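I have placed the structure first, in the form of structure tokens, so that the comments after it can refer back to it.
The values are calculated or read from the model by the stated rules, or taken from the named source; none is laboratory data. Computed from a predicted model, the values in this text were never measured in an experiment. Glycine also receives a Cβ, built like all others from the backbone with ideal geometry; neighbour counts cover every protein chain displayed. Side chains are part of the model used for accessible areas, which takes the heavy atoms of the whole protein and leaves out ligands, DNA and RNA. Shrake-Rupley method; radii C 1.70, N 1.55, O 1.52, S 1.80 Å.
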Amino acid sequence: MRARIASGVLAAAIALLPGLKPADAASCRPDALGVARTVEIDTTGGPGFGFEHYKAHDFLAMKEVVLTFDDGPLPSHTRTILKALADHCTKATFFPVGKLSVGYPEVLREVAAGGHTIGAHTFSHIDLGKAAPDKAKDEIERGFSAVRRGAGTATAPFFRYPFLRDSKDSIAHLGGRNIAIFSTDIDSFDFKVQAPENIVKTVMSKLEKRGKGIVLMHDIQPSTAKALPMLLTELKAKGYKVVHMRPKDAVKTLAEFDALIEKDVKGLPSAGSEKPTASVVKTIPNN
Ligand SMILES: [Zn+2]
């Protein structure tokens, strides 16, 4: 929790105190991108977004962008990206991989604490375009349960296909589960190893052509982490505005998949595993 600070004098005084952070507004860069508009998405029936694949719903006005990041969380790069977003007081949507979400829950919790929206991107990032229907369902559901477990808070019924490859059966499954699908309008191609400057150039030139769009990036890419401060500054300079997406309702994970993840996280029960760890293991004085 951060206290709101009304007075600039007080903010300056508090900034001098070690260990205390100034309030949100005070910590924004003077040329911060911010959030121009927040949209609430009703995911009933599993609507699709992103003109590369699904063209039914176009909710962005010219010069509006949505920032999205796939494939995380990874401690170093995800945190660098969170810092760049916080410096600009702006918000994004993350589509984390289930496996990494239970592997690095503390990082995903930082994403949630930053006020960003968290969807899901399967459990182990397989190509659902090629997967059997049962396997695809398992990857989707296990992914949502793992992300929910990792985040430790309600997450969004927002899904992005790995490699942007869908299948008829899995689309029907997501529809039945009231989970929205997000493709992209502006693919940064940041997964192809390239200089950070090139990522900025690719996104900006595609945006100039389309005028707006959902931008796809990856928070596991070191070049993206390096490019993001430049990109956000450039977006602001060129008059683009960030739209933040939020779900109308949180995703409802399925109990059987929650249980599978819980078993993965906690391991098999052994005798005495119900006891609190502090009563089993304690620090004693060194010899
Ligand atoms: Zn991916």
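Quick notes
- Looking at segment 51-266, the DSSP beta bridges with both ends there are about 0 percent antiparallel.
- Share of Cα-Cα pairs in the chain lying beyond 35 Å, as whole percent: 23
- Inter-label distance, nm, simple model (7 Å from Cα along the C-beta direction), residue 113/residue 256: 3.6
- Paramagnetic reach from residue 273 (point 7 Å along Cα→Cβ, amide N under 19 Å) across segment 235-257: 256-257
- Within the accessible area of segment 51-266, the carbon and sulfur atoms contribute 55%, probe 1.4 Å, all protein chains present.
- FRET efficiency, 1/(1 + (r/R0)^6) with R0 45 Å, evaluated for residue 284 and residue 154 via beta carbons: 0.65
- Taken along the Cα-to-beta-carbon direction at a fixed 7 Å, the label points for residue 201 and residue 169 span 4.4 nm.
- Between residue 76 and residue 248, the contour length at 0.36 nm per residue exceeds the alpha carbon distance by 58.8 nm.
- Rounded to the nearest 10 Å², the accessible area of residue 109 at probe 1.4 Å: 100
- GNM flexibility winner over the chain from 218, 88, 57 (Cα, springs under 10 Å): 57
- With the highest mean first, a sort of the peptides 34-47, 119-132 on other beta-carbon atoms found within 10 angstrom per residue produces 119-132, 34-47.
- For segment 195-238, backbone nitrogen atoms closer than 18 Å to the point 7 Å from residue 51 Cα along Cα-to-C-beta are found at 202-217.
- Relative contact order [Cα under 8 Å, 6+ residues apart], the chain, whole percent: 27
- Across segment 217-249, the residues whose backbone nitrogen lies under 15 Å from the label position 7 Å along the beta-carbon direction of residue 39 are 241-248.
- Mean-position separation - Cα centroids, segment 86-140 and segment 224-249, in angstrom: 19
- Rounded to the nearest 20 debye, the dipole magnitude of the chain is 540 debye, with +1 charges on Lys and Arg beta carbons, -1 on Asp and Glu beta carbons, and the Cα centre as origin.
- Förster radius 25 Å - calculated FRET efficiency between residue 266 and residue 135, Cβ distance, rounded to 0.05: 0.55
- Per residue value of the accessible surface for segment 51-266 (all protein chains in place, 1.4 Å probe), Å²: 41
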